[in-house]
1. Among the GluC sites (Glu not before Pro) within region 44-117, which fall in a DSSP loop and have no more than 13 other Cβ atoms within 10 Å of their own Cβ?
2. Which value, in debye to the nearest 20, gives the size of the charge dipole of the chain about its Cα centre, when Lys and Arg are +1 and Asp and Glu are -1 at the Cβ?
3. Give me a comma-separated list of calculated 3J(HN,Hα) values for region 25-33, in order, Karplus coefficients 6.51, -1.76, 1.60 applied at θ = phi - 60°, integers in Hz, x for any Gly or Pro.
4. For the chain, give the percent of accessible area contributed by carbon and sulfur heavy atoms, probe 1.4 Å, rounded to a whole number.
5. Could you give the length gained on full extension between T110 and D81, defined as 0.36 nm per residue of separation minus the Cα-Cα distance, in nm?
6. What relative contact order, as a whole-number percentage, does the chain give when Cα pairs under 8 Å and 6 or more residues apart are counted?
7. If you roll a 1.4 Å probe over the heavy atoms of the protein chains, what accessible area per residue do you get for the chain, in Å²?
Amino acid sequence: MTASIHQINASRGGVPKRPLPQAEVNDRGISVDDQRDKMHHGSPDQALCLYALELIEELQQAGHPIFPGSTGENITTSGLDWRKVRPGAFLKLGADVVIELTEYATPCMTISGSFAD
């Protein structure tokens, strides 16, 4: 599978993650990205978090204050068929980066500001 990258996001820890014009990816994710909660975030199996621009736009239309990076995703994708996104699948991001999808992220209270209720 190949994904179009709408936006690359990073922060020094926490949300929102802010847009970057480009980024280096290593086995821990985006090299300039950090997480406050190292117990639950940032392992090699959690190196990158993805979220779909299309879903963000649907949620915005429903009145949620979500925007790219507000849920802590590192990569905001565009045009990805999320029905095919399953743990174990490989995804090509841009020209050089291939990632393996390892698990679905469970939402936590940290991202509650992205949602109206």
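1. Passing both the DSSP loop test and the Cβ count: E103.
2. Using Cβ point charges on Lys, Arg, Asp and Glu, the chain gives about 120 debye.
3. Working through the residues one at a time gives 10, 10, 5, 9, x, 6, 4, 9, 8 Hz.
4. 52
5. Taking 0.36 nm per residue and subtracting the Cα distance, the gain is 7.8 nm.
6. Values: 218 pairs, mean separation 36.8, N = 117.
Here the relative contact order equals 31 percent.
7. 63
The values are calculated or read from the model by the stated rules, or taken from the named source; none is laboratory data. Since the structure is predicted, the reported quantities are computational estimates derived from the model, not experimental observations. With ideal geometry, Cβ positions are generated from the backbone for all residues, glycine too; neighbour counts draw on all protein chains shown. What goes into the accessible areas is simple: the full protein's heavy atoms, side chains included, and nothing from ligands, DNA or RNA. Shrake-Rupley method; radii C 1.70, N 1.55, O 1.52, S 1.80 Å.
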